[in-house]
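Note sheet for the following structure.
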Amino acid sequence: MIKAILIFNNHGKPRLIRFYQYFAEDMQQQIIRETFHLVSKRDDNVCNFLEGGSLIGGSDYKLIYRHYATLYFVFCVDSSESELGILDLIQVFVETLDKCFENVCELDLIFHMDKVHYILQEVVMGGMVLETNMNEIVAQVELQNRMEKSEVTLSNIHSVPPRGIMATAP
């Protein structure tokens with residue numbers, strides 16, 4: 001099961017944090033700092049799996065991560081998850097973000113947080129993997145975008161007073 005998904009930049013600034021297991025706020029901050037410290041000090045040519053550290057469960061938990069440009073994508077999982085499966089899931093998530101934002105960058109995560117969370121919810125919910133087919137995820141995101149646009153259009157239609165009717169003052 002996925003326990004947490006953390007995305008932070010090269011300086012350790014969190015850009016997306018999603019915990020699927022309860023941790024108090026101060027413990028979450030410590031986990032984020034420890035995870036960044038563990039992942040960022042690793043060389044680029046070593047494997048992308050390591051034990052979860054002392055705060056998030058020790059040897060029963062694994063950190064599986066990918067480093068893309070200025071962002072670290074880290075999934076904290078328990079021992080029941082496949083390392084290679086999670087690496088593939090990270091790749092699907094990043095490629096989906098790329099398709100939705102046309103070359104995703106750190107600013108997309110900052111300024112379109114709602115859309116990023118929606119995409120993540122299409123991939124993972126409650127710590128369980130829902131969808132790994134990028135085309136299906138993108139189709140759902142496009143459907144959501146169309147629904148939002150139609151809601152905006154409907155709200156604009158209802159906010160314009162009908163023509164030909166004069167408002168009378170009391």
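Descriptive notes on the structure:
- Choice from N45, N103, N133 showing the highest fluctuation, given a GNM over the chain with Cα pairs closer than 10 Å: N45
- Calculated P(r) of the chain - Cα pairs past 22 Å, %: 49
- Amide H contacts under 5 Å for R15: I7, F8, N9, restricted to partners 5 or more places along the chain or on a different chain, H placed in the peptide plane at 1.01 Å from N.
- Interchain or long-range residues, amide H under 5 Å from Y20's placed H: A4, I5
- Gaussian network model of the chain, springs between alpha carbon atoms under 10 Å - residue of G126, G85, G12 with greatest fluctuation: G85
- For a label point 7 Å along the Cα-to-beta-carbon line of C47, residues of the stretch 67-94 with backbone N under 20 Å: 67-68, 73-91
- Counting protein heavy atoms only, the chain has 54 percent of its accessible area on carbon and sulfur, 1.4 angstrom probe.
- Loop-located GluC sites (Glu not before Pro) across the stretch 19-118 with a Cβ neighbour count of 11 or fewer within 10 Å are E102, with loop assigned by DSSP.
- Mean Kyte hydropathy of -0.5 or more with a Cα span along the axis of at least 24 Å, helices from DSSP in the chain: 83-101, 134-159
- Residue-normalised accessible area of the stretch 1-147, given per residue in Å² at a 1.4 Å probe: 51
- Pairs of Lys residues in the chain that lie 8 or more places apart, or on two chains, and have C-alpha atoms under 30 angstrom apart add up to 16.
The values are calculated or read from the model by the stated rules, or taken from the named source; none is laboratory data. Because the structure is a prediction, the values reported are computed rather than measured. No Cβ is skipped: glycine too gets one built from the backbone with ideal geometry, and neighbour counts run over all protein chains shown. Heavy atoms of the whole protein, side chains included, go into the accessibility calculation; ligands, DNA and RNA do not. Shrake-Rupley method; radii C 1.70, N 1.55, O 1.52, S 1.80 Å.
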